[in-house]
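The values are calculated or read from the model by the stated rules, or taken from the named source; none is laboratory data. None of these values were measured; they are calculated from a predicted model. Cβ placement follows ideal geometry from the backbone for every residue including glycine, while neighbour counts extend to all protein chains displayed. Only protein heavy atoms, including side chains, enter the accessible area calculation; ligands, DNA and RNA are left aside. Shrake-Rupley method; radii C 1.70, N 1.55, O 1.52, S 1.80 Å.
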Amino acid sequence: MSEITGMPVDRVDARLKVTGAATYSAEYFPKNMAYGVLVTSTISRGRIKNINTSQAERLKGVAGIMTYKNSPTLHFPQSSDPGGGKFGEKDLLPLQNDRIFYDGQIVAVVMADTFEVAEHAASLVKIDYEVDKPVFDLEKNMLQSYKPASALGGGAAQESRGDADSNFNSAAVKLNETYTTPVYHHNAMEPHATVAEWNGDKLMVYDATQSVAGTKNLLSNMLGVPPEKVRLVSLYIGGGFGSKGFSWPNTVLAAMAAKVVNRPVKLVLARQQMFTTAGRRSQTIQKISLGSDNTGKLSAIKHDTISESSFVDEFVEAAGIATSMLYSCPNVEVSHSLVRLNKGTPCPTRAPGEAPGTYALEVAMDELAVQLKMDPIQLRLVNYADMEEQKKKQFSSKNLKECYQRGADAIGWSQRKAEPGTNRDGNYLVGYGMATATYPANRSASTAKATIYADGHAEILCATQDIGTGTYTVMTQAAADAFGLPIEKVTVKLGDSDYPKGANSGGSQVTASVGPAIRAAALGTVNKLTKMAVADVNSPLHGRKEEDIMAGNGRIYLKDNPDKGEDYSRLLTRNNIQKVEALAKTNVSTRQQQESNPAAAGSADAKAEEESKTNPAVQEDEKIDRKPYAFHSFGAQFVKVLVDSQLGTVKVDRAVAVMDIGKVMNLKTAKNQIMGGMIFGIGMALMEGTAYDPNNGRVVTRDLAQYLVPVNADMPQFEVQFIDKPDTIISPIGARGIGEIGITGITAAINNAIYNATGKRVRDLPVTPDKLI
C-alpha cells in the first residue's frame, strides 16, 4: 500500500463546502432562537452617563436588552494562553461597567425574534456620554512608551548578545533606517459568530474559534460554570488569521444574553464591528541598525520596535524576535516598546511579529547590499546562520541555502540588473527582489482517539479545529497511513470540545501537534488488532511475533509473506467484537520544553495518559531529547514587479516561494497555504492599512469597500516549491506548520523589487502610487 501522506489529495470536506452542507457557527438554528445585535460606542474615551432603552423595548418582537446595568456578573479569566482560553481584553469584561476605552466598544446587546427587529431596535437605543480626550496617535505619544517584560505566552520581548552599540559605532559600513507599518485587520471571510443555548445549567455553544478546547475552558471560567457542563462546537471556520485565536466579547455575550432572555441567542458581528471588537495587528515603528565590514559580514544588528497596545490589555507585536536568530552575528540587540492608546486591543495576526519584522529586517538587508554593491543573496549567504546563536542551539533541520538557489533559478535572478531603473518592458519599469522567510516550528501536547469498526471503516476524534486550511484532509491522510486503510475508509472528526483535547490553531502548530497524536492513536488500534490475531487460534497469524506483522490495505499480515494474514473485519467479526479503540496523548512541547501538568484523576485525559504509557509510538516520540534543538521553518521569497513609469502603479508579475517546512503532508493544500500567505504579503506591501480619524480616533476604513485587500486582478503568476525533507526531530511525521511562513519575507521582497525597478526606497507601508510618482 503506497503512502497517502504527501499526495495532492482533494479536500475531504470540499463537497460539503461547495454544496453548502458544511455548517458554520452562524448556521445553527435552535428552537425559539433570538437574534442578538450589538450596540457600540461612538466615542473613544469616557463614560456612559445614561442609556435609554425604552423606545427600543417597546418595539414588537424585542425579547430583551442587555447593558451593564442588568447583565450577569462575569469572573475574570484565569488563562492568558490561547490554548487554555485567552480573552482578548482581560481588563475589560463586557458590559460590567460604564467606562469606554475605545471607539466601537460594545455597550449593549439587543435580542429580538428576528434579526431585522433586533437591528432596528439597536438603532433606537439612546446613549449619553461623558467624553474624555482620547490618546490615539502612536507617533505623538512615543515618549509615553514602556518596555514590556514579556510577549504572548511568556515569549521574549527584549533580547541581546554581545555589544551591539559599540560594534555598530566602529563598523566600516553602517545602515540606520526606520520602517513603519500601519494597523492591519484580519478580515476573515466568515465574521465572528456565536450561538448559545442553555438547557438547565448546561451550556451548548456554537462558535467560530481557533481554540475549541480553550474557548470552552474560558466560558466555563468567566461564567462560573463547571467545565463538564459546557460544550463547544466549531466544525467549520471561514478563516481566522489570529483574530479567532483569542475570544472576544461576542462569544461570552451570546451566553449571557441567552441566560437573560431564557432562550437561545445568535450573535454575529457585522463587518464594521470586526474593525473594532475583534482584534487587529498593531501599528509598528521599527528602527534597524546594521553594521558590517566591507565584505558584508555583520558585526552588529539592532532592531528597536515601538508598537501600540490598549488600556485594557497588553499585546506585544514582537517584530524583532526573528532578528535575533535569522543571521549570524555576534552582537545583536532586540527591543520592544509599547504605547497604550484608546483603541481596541491588538492580537495575533497571521505571522504575528515575523510578518512586519521580516519586512523591516529584509528591506534593511537589501539596503545594505546596495550600499556594499553586493548581490542580496550573496549578502545573506555571507551571514548564513548554521545554528540558533541567541539560544545556542542547533536547528532541528535547515535547508535555506537550497531555497535561495532554487528560488533564484525559478524567478530568473540572472536577468536582474543591479542598477535600479535600468530594466524596462515598454512603459513598465521591471524590478526583481528577494527576501528570507522564517517562522518558528511549534508543537504542543495533543490527544486523539482512534476506532476501527468491524465493518472495516475507522474514525478519529480530536478537539482541535480546521480553520479552513485543510486540517481535516491532512489528518485523514496521516490517519489512513497509520491505520493501513484507504483514505475513503477513514473519517476524522474535529471541532467538538467533547472529543479529546487537541492543540489550538495558533503559531502554525496544529499539524505538528495533532498529527503525531492521531498517528499514535491509530497505530494503537492496529497494535491491539495484532495482539488479538496473535492470540487467536483461528487466525493465520496465531503465535507469530508482533514485530513480524505489519498493516496495509485493511489487513494485518506477515512482512515476509504478505499473503499470510487477514483483514480487520474478519478478525473482529470472528471474535464478536464491534470495534477496537485506542487513546493517545503525545506530551511534547517545542516552546516550553516541559511536560504539561498531569491530568486530573479519573478524567478522559488521565485515561489517555495511562494508555499512552504502553503505546510504542507515543513512547518513541516522547523519548527524543529536543532540548538541544531550535525549531524553525525557513524559505526564500522572490518576486518580479512591473511599475508603470507614469502612473506609479505596481503589478506583482511573478512570485516564487521555496519553502523548507519539513515533510509536506499534502502538496495541494500546502501550496494553497503558501499562496494564501503570499497574497497577504501583497496586501501588506501595496494596499492594506486601517485609517483612523485624526480628530477622535474612530476607525474610518470600516468595511471591505474602504479597507483594500488583493483581488483576482492583483494576482501574479505563482510558483511554490518545497524542499520536502522530513524533520524527524520535531515529530515522527516530520512536518512543521505552514500556515504563517508564507506571509513572511514576501512584503520585503516586493518592496525590494520596487526599489530595483524605480530606484525609490519606500520605508512606510503600503507602497502606493503617490509615493512613487
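Just so you know, the Rg over Rh for region 210-286 is 1.01, from Cα atoms, with Rh as the Kirkwood radius. Please give the Cα centre distance for region 272-300 versus region 617-691, rounded to the nearest Å. Comparing the Cα centres of region 272-300 and region 617-691, I get a distance of 17 Å.
Note on residue 498: accessible area is roughly 100 Å² with a 1.4 Å probe, heavy atoms of protein only. Split the accessible area of the chain by element, probe 1.4 Å, and carbon with sulfur accounts for 48%.
Set the Förster distance to 51 Å, then compute FRET efficiency between residue 771 and residue 591 from the Cβ-Cβ distance, nearest 0.05.
Details: r = 39 Å, r/R0 = 0.76.
Taking R0 as 51 Å, the efficiency between residue 771 and residue 591 is 0.85.
Express in % the proportion of alpha carbon pairs of region 240-370 at distances exceeding 18 Å. Present the calculation step by step, with values, prior to reporting the outcome.
Working: 5246 of 8515 pairs.
Cα-Cα pairs of region 240-370 separated by over 18 Å account for 62 percent.
Excluding ligands, DNA and RNA, the accessible surface per residue across region 66-164 is 50 Å² with a 1.4 Å probe. The listed residues 233, 117 rank as 117, 233 when sorted by accessible area, largest first, using a 1.4 Å probe.
Going by accessible surface with a 1.4 Å probe and the largest first, 139, 159 read 139, 159.
Average accessible surface for region 239-302: 22 Å² per residue, computed with a 1.4 Å probe over protein heavy atoms with every protein chain in place. As I understand it, the dipole of region 208-342 uses +1 on the Cβ of Lys and Arg and -1 on the Cβ of Asp and Glu, about the Cα centre. Which of 224, 277, 322 lies farthest toward its positive end? Selected residue: 224. Pairs to check: 31/259; 174/651; 528/623; 302/771. Give those whose C-alpha atoms are more than 24 Å from each other in this structure. Where the Cα-Cα span goes over 24 Å, the pairs concerned are 174/651; 302/771. Among 577, 442, 166, which residue has its Cα positioned farthest towards the positive end of the charge dipole of the chain, with +1 placed on the Cβ of Lys and Arg, -1 on the Cβ of Asp and Glu, and the dipole taken about the Cα centre? With unit charges placed on the Cβ atoms, the residue in question is 577.
How would 377, 487 rank on accessible area, largest to smallest, probe 1.4 Å?
On the way: 377 20, 487 40 Å².
In descending accessible area the options line up as 487, 377.
One quarter of the convex hull surface built on the alpha carbon atoms of region 346-435 amounts to 8.6 nm², the projected area averaged over directions.
When you filter the trypsin sites (Lys or Arg not before Pro) in region 454-554 for DSSP loop state and at most 14 other Cβ atoms inside 10 Å of their Cβ, you are left with 545.
Under a Cβ-only charge scheme (Lys and Arg +1, Asp and Glu -1), can you give me the dipole magnitude of region 296-426 about the Cα centre, in debye to the nearest 20?
Numbers: 16 positive and 18 negative charges, 59 e Å.
Its charge dipole is roughly 280 debye.
Contour minus end-to-end for residue 78 and residue 199, with contour as 0.36 nm per residue of separation and end-to-end as the Cα-Cα distance? Write out the running numbers ahead of the final one.
Values: separation 121, 0.36 × 121 = 43.56 nm, distance 2.54 nm.
This chain segment gains 41.0 nm when fully extended.
Modelled spin labels at residue 2 and residue 163, positioned 7 Å past Cα toward Cβ, are 6.2 nm from each other.
Quick one: go through region 702-741 and flag any residue whose amide nitrogen is under 11 Å from the point 7 Å out along the Cα-to-Cβ line of residue 393. Output list for this probe position: 730.
Helical runs assigned H by DSSP (4 residues or longer) give the chain a calculated mean residue ellipticity at 222 nm of -7500 deg cm²/dmol, each run adding -39500 (n - 2.57) before division by the residue total.
Just round it to a whole percent: the fraction of Cα-Cα distances in the chain exceeding 36 Å. Percentage above 36 Å: 47. If you plug the beta carbon distance of residue 493 and residue 14 into 1/(1 + (r/R0)^6) with R0 = 22 Å, you get a FRET efficiency near 0.85. Between the amide H of residue 308 and those of 283, 339, distances stay under 5 Å, these residues lying 5 or more places away or on another chain, with hydrogens modeled in the peptide plane.
Considering only 732, 681, 715, and ranking their Cα positions along the charge dipole of region 673-737 that arises from unit charges at the beta-carbon of Lys, Arg, Asp and Glu, the one farthest toward the positive end is 732. Ligands, DNA and RNA are left out, and with a 1.4 angstrom probe the accessible area of region 478-616 is 47 Å² per residue.
What the Cβ-Cβ distance of residue 705 and residue 42 gives, at R0 = 22 Å and to the nearest 0.05, is a FRET efficiency of 0.60. Multiplying the residue separation of residue 177 and residue 294 by 0.36 nm and subtracting their alpha-carbon distance yields 40.2 nm.
Only helices reaching 30 angstrom along their own axis (Cα) with mean Kyte-Doolittle hydropathy no lower than -1.0 count here, and for the DSSP H runs of the chain these are 510-535. Maximal additional length on extending the residue 455-residue 131 stretch stands at 109.8 nm, based on 0.36 nm per residue less the C-alpha distance.
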